[in-house]
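Enquirer: The structure is given below, and queries will be raised subsequently.
The values are calculated or read from the model by the stated rules, or taken from the named source; none is laboratory data. What you are looking at is a predicted structure, and each value in this text was computed from that prediction instead of being measured. A quick note on method: Cβ atoms are made from the backbone with ideal geometry, for glycine too, and the neighbour counts reach across all protein chains shown.
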Amino acid sequence: MQIPWDKIDTVLLDMDGTLLDLNFDNHFWNEFVPLKYAEQNNLSIAEAKDQLKPQFKIMEGQLEWYCLDYWSHKLNLNIAELKQEVSEFITVMPHVMEFLEILLHSTKKVLLVTNAHRDSLNLKMDKTCLQVFFDDIISSHDYGVPKEDFDFWNKLQSGNSFDKERAILIDDSSSVLESARNFGIKYLLFVSKPDSNLPPRYSSDFDYIIDFRDIMSGL
């Protein structure tokens, strides 16, 4: 895929499923949390999953879905501590480091924009040391609205002045990309393989990449 990098001044990058392997989060929420919930409530793992699945589903796309404090209170588990227990499985996606190194030596503004709660964000930055590549790191919790909300992008632009006609967002969420498109961000790119253990998903609404090798040409 040929990205018109000469027409782009600002690069907006998602974290989980874009720069970092979503396999960590999928395993954490689908397997590890149910295991701990089952142990705490004297349930089988199957029973725990049956109880947790609808609770997770109803909160998707809302800020609470991404909030560790919310789930700690809701489930009576210390979610931040549980993430720390399995943090060795946090990994950077293939070719991300090469891509970020190129951006670091360019004149482009590079912003990490994530729905991740600050506790999770800080843990992942500590484990990967990616923070050095960004001009700023923004969590949607800073603004009180998720990236799926139009107002997130208004607040992002107010806090980090950029020309949306000369900006690209790379994200693994089609609903986030749709929100950004409605706001007016011109270049949008869907990450089709956010979890290394799952097959790619393809989008009919957005251009997509498998990994960052696909867009390094011309950068």
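Enquirer: For region 93-199, which fully contained helices (runs of 4 or more DSSP H) count at least 3 residues that are modelled with pLDDT of 95 or more, closer than 12 Å to VAL11 by Cα and among the small types (Gly, Ala, Ser)?
Expert: none
Enquirer: When residues of region 56-84 are filtered for being over 18 Å from the mean Cα position of the chain (by Cα) and either under 23 Å from SER174 (Cβ atoms) or assigned by TED's automatic domain parsing to the domain that holds LYS147 (or both), how many remain?
Expert: Selection size over region 56-84: 1.
Enquirer: Continuing with this model, one more query. Are any of the residues in region 78-86 touching a residue at least 60 places away in the same chain (Cβ under 8 Å), crowded, with 19+ Cβ neighbours inside 10 Å and out of contact with any Cys (no Cβ under 8 Å at 6 or more places or on another chain)?
Expert: no
Enquirer: For region 5-22, which residues satisfy the criterion of being of a type in the set (Ser, Thr, Tyr) and in contact with a Leu (Cβ under 8 Å, 6 or more places away or on another chain)?
Expert: If the condition is that a residue be of a type in the set (Ser, Thr, Tyr) and in contact with a Leu (Cβ under 8 Å, 6 or more places away or on another chain), then THR10 is the only one that fits.
Enquirer: I'm trying to understand the selection: among the residues of region 140-155, which are on the phi < 0 side of the Ramachandran plot, out of contact with any Pro (no Cβ under 6 Å at 6 or more places or on another chain) and of a type outside the set (Lys, Arg)?
Expert: Once the filter is applied, which keeps residues that are on the phi < 0 side of the Ramachandran plot, out of contact with any Pro (no Cβ under 6 Å at 6 or more places or on another chain) and of a type outside the set (Lys, Arg), region 140-155 yields HIS141, ASP142, TYR143, VAL145, PRO146, GLU148, ASP149, PHE150, ASP151, PHE152, TRP153, ASN154.
Enquirer: Considering (1) farther than 30 Å from SER161 by Cα; (2) assigned by TED's automatic domain parsing to the domain that holds PRO200, say which one THR10 fails and leave the rest.
Expert: The single condition THR10 does not satisfy is (1).
Enquirer: Looking at PHE162, PHE190, PHE206, PHE183, which one is out of contact with any strand residue (DSSP E or B) (no Cβ under 7 Å at 6 or more places or on another chain), in the same structural domain as VAL110 (by TED's automatic domain parsing) and of a type outside the set (Ser, Thr, Tyr)?
Expert: PHE183
Enquirer: Quick check on my filter: what residues within region 165-219 are without any contact (Cβ under 8 Å) to a residue 40 or more places away in the chain, of a type in the set (Lys, Arg) and out of contact with any Asp or Glu (no Cβ under 6 Å at 6 or more places or on another chain)?
Expert: The answer is ARG181, LYS193, ARG201.
Enquirer: Have a look at SER217, SER179, SER174 and point out the one that is over 15 Å from the mean Cα position of the chain (by Cα) and of a type in the set (S, T, N, Q). Outline the logic, then answer.
Expert: Details: SER179 fails: over 15 Å from the mean Cα position of the chain (by Cα); SER174 fails: over 15 Å from the mean Cα position of the chain (by Cα).
Result: SER217 is the single residue among SER217, SER179, SER174 that is over 15 Å from the mean Cα position of the chain (by Cα) and of a type in the set (S, T, N, Q).
Enquirer: Something else: Can we say GLY159 is out of contact with any Gly (no Cβ under 6 Å at 6 or more places or on another chain), free of Cβ contacts under 8 Å to residues at least 40 places away in the same chain and at positive phi? First the steps, then the outcome.
Expert: Values: out of contact with any Gly (no Cβ under 6 Å at 6 or more places or on another chain): yes; free of Cβ contacts under 8 Å to residues at least 40 places away in the same chain: yes; at positive phi: no.
Here the answer is no, as GLY159 does not meet what is asked.
Enquirer: Now for a separate question. Output the residues belonging to region 176-199 that are surrounded by 13 or more Cβ atoms within 10 Å (Cβ to Cβ) and closer than 26 Å to ILE90 by Cα. Step through it out loud before you land on a result.
Expert: First, pick out the residues of region 176-199 that are surrounded by 13 or more Cβ atoms within 10 Å (Cβ to Cβ): 176-181, 183, 185-196.
Hits for region 176-199 are VAL176, LEU177, LEU188, LEU189, PHE190, VAL191, SER192, LYS193, PRO194, ASP195, SER196.
Enquirer: Can you pull out every residue in region 1-51 that is among the small types (Gly, Ala, Ser), at negative phi and surrounded by 19 or more Cβ atoms within 10 Å (Cβ to Cβ)? Before the answer, list the steps.
Expert: Restricting attention to region 1-51, the residues satisfying the condition of being among the small types (Gly, Ala, Ser) are 17, 38, 44, 46, 48.
From the residues that got through so far, the ones that are at negative phi too are 38, 44, 46, 48.
Matches in region 1-51: ALA48 only.
Yes/no per residue for (1) in contact with a helix residue (DSSP H, G or I) (Cβ under 6 Å, 6 or more places away or on another chain); (2) in contact (Cβ under 8 Å) with a residue 60 or more places away in the chain; (3) of a type in the set (S, T, N, Q):
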residue	(1), (2), (3)
LYS109	no, yes, no
LYS124	no, yes, no
GLN131	yes, no, yes
ILE137	no, no, no
ASP151	no, no, no
LYS155	no, no, no
